[in-house]
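Chemist: Have a look at this one before I ask anything.
Please treat every number below as a calculation from the coordinates, not as lab data. From a predicted model like this one, the values you see are computed outputs, not experimental measurements. Positions of Cβ are generated from backbone atoms using ideal geometry, with glycine treated the same way; all protein chains shown enter the neighbour counts.
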Amino acid sequence: MRYHPFVTRVVPNMVMRRERILPLRGEVLIGAGSRVEPSTIVASAVLPSSIHLLNVAKILSMNDEDLAAHLRVSIGDHVAKGDIVATGWRASRFFRRNCRSPVRGVVADISYGRVLIESSHTTLELEAHYRGTVVNAMSGFGVIIEVNGALIQGIWGSGKEGFGVLRLGVGNPAEPVEPEAIDVSYRGAVLVGGSFIGEEALYGAQEMQVGGIVVGGLEAGLLELASSMPFPVIVTEGMGQLAIPTPVFDLLRAHEGHEASIRGVMEGRGGAVRPEIVVYPIRATGEAVVESRPKFVLEEGSQVRIVCGLHFGKTGEVVDFPSYARKVETGDSFKGVEVRLESGEEVFVPRANLELFG
């Protein structure tokens, strides 16, 4: 019986198409055949006013009654997007923590550690986000852009988008990101970490205004904090301290200094939409693969990653399909495959512990 595992795409050179769609009907400002950069405005729409609730006390990790001394705004104040609403310090006092307004509007209320902001009517300007060529301009809705670059998919994303030059913040994929390593040289850059990034390092990245973060693992308790950061965060492996796989880290390291679009958005529309990093090489090497629906069938020669068990995180190639179930380290018996790891070692892995990779 054929087995259909989960698929993660890691491709050094790919031609792909990406939609850039307005949230409501507006005006498309660019036509088919146009070359675009990530900052190019491709469409715009007028957004109605809305209410935004900021849990400032929670963001700054302080009691409601202590918040008054840290507020920078009062009821009735006008704020711009990105203005500081409140500020505080971590216990270590290495980094200041700022809570910023997500929109332009008016402070409508302050109570119980929360700030209520009513946004003004605003014009949304939709950026291309990718570098490429517009192949379809859909009147009133958006565009489809053809992009050529390296593609790396992640497991979790914070829901934001960014663009910047790739810069490594660690020496190897198993190394965590240290707060002291993040300095002003990372301003606007996409920081590539290793196995983990902690709370202090996240606040340090915010203070230094990085353009985005790619890391192997993240503690589950930091998901809300990572999502509140003004830059995108992408996790390639999952929750915990997990090293980025060697092939992924090597690909990112090979492109250090190159520009990249990073999108931490996860959607269910038309199938799973994964968080992704698209890197634009200075010069393309080799023949580009045209993006298509991936093969979901596990077969001999398939490139796989082990996602559970003794060899978690290792990658290799399927070399055999044993006919009978075998016992694993837990003592249970499973149907599985023989995988030749990058080290040359051949190991038996249950099928449920694999994903297609590459």
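Chemist: Tell me the label-point distance for the pair Val106, Ser139, using the 7 Å Cα-to-Cβ offset, in nm and rounded to one decimal.
Modeler: In this crude spin-label approximation the distance works out to 3.8 nm.
Chemist: In straight Cα distance, which lysines are under 22 Å from Lys335, not counting same-chain residues fewer than 8 positions off?
Modeler: Lys295, Lys314, Lys327
Chemist: Across the range 1-137, how large is the tail of the calculated P(r) beyond 19 Å, expressed as a percent of all Cα pairs? Let's see the in-between values first.
Modeler: Working: 6099 of 9316 pairs.
Taking all Cα-Cα pairs of the range 1-137, the fraction more than 19 Å apart is 65 percent.
Chemist: Averaging over every viewing direction, what projected area does the convex hull of the Cα atoms of the range 214-272 cover, in nm²?
Modeler: 5.2 nm²
Chemist: Then there is this: Take the alpha carbon atoms of the range 303-357, find their radius of gyration, then divide it by 2.2 N^0.38 Å using N residues; give the quotient.
Modeler: Details: Rg = 10.1 Å, N = 55, 2.2 N^0.38 = 10.1 Å.
Compactness ratio reported: 1.00.
Chemist: Given R₀ = 25 Å, FRET efficiency for Arg351-Arg293 by Cβ-Cβ distance, to 0.05? Intermediate results must be reported in sequence, preceding the final value.
Modeler: Details: r = 21 Å, r/R0 = 0.84.
Computed FRET efficiency for Arg351 and Arg293 comes out at 0.75.
Chemist: OK, next. Just how many % of Cα pairs in the chain lie over 33 Å apart, if you round to the nearest whole percent?
Modeler: Cα-Cα pairs in the chain separated by more than 33 Å: 38 percent.
Chemist: Calculate, axis by axis, the spread of Cα positions in the range 57-139 along the three principal axes, and write the results as whole Å, longest axis first.
Modeler: Principal extents (Cα only, largest first): 54, 33, 16 Å.
Chemist: Next question, about the same structure. Give me the number: length gained by fully extending Arg72 to Glu178, i.e. 0.36 nm times residue separation minus the C-alpha to C-alpha distance, one decimal in nm.
Modeler: Difference between extended and current length: 35.2 nm.
Chemist: Taking Cα centroids, how far is the range 51-88 from the range 130-176 in Å?
Modeler: Taking the Cα centre of each part, the range 51-88 and the range 130-176 sit 32 Å apart.
Chemist: Please identify, among Met239, Met266, Met62, the residue showing maximal mean-square fluctuation in a Gaussian network model of the chain using a 10 angstrom Cα cutoff.
Modeler: Evaluated over the chain, the most mobile residue of the options is Met62.
Chemist: Then there's this: Taking amide H positions as placed in the peptide plane 1.01 Å from N, state which residues far from Asp109 in sequence (5 or more) or on other chains have amide H under 5 Å from it.
Modeler: Leu116
Chemist: Using a Gaussian network model on the chain with a 10 Å cutoff between Cα atoms, which of Tyr203, Tyr112, Tyr280 fluctuates the most?
Modeler: Answer for the Gaussian network model of the chain: Tyr112.
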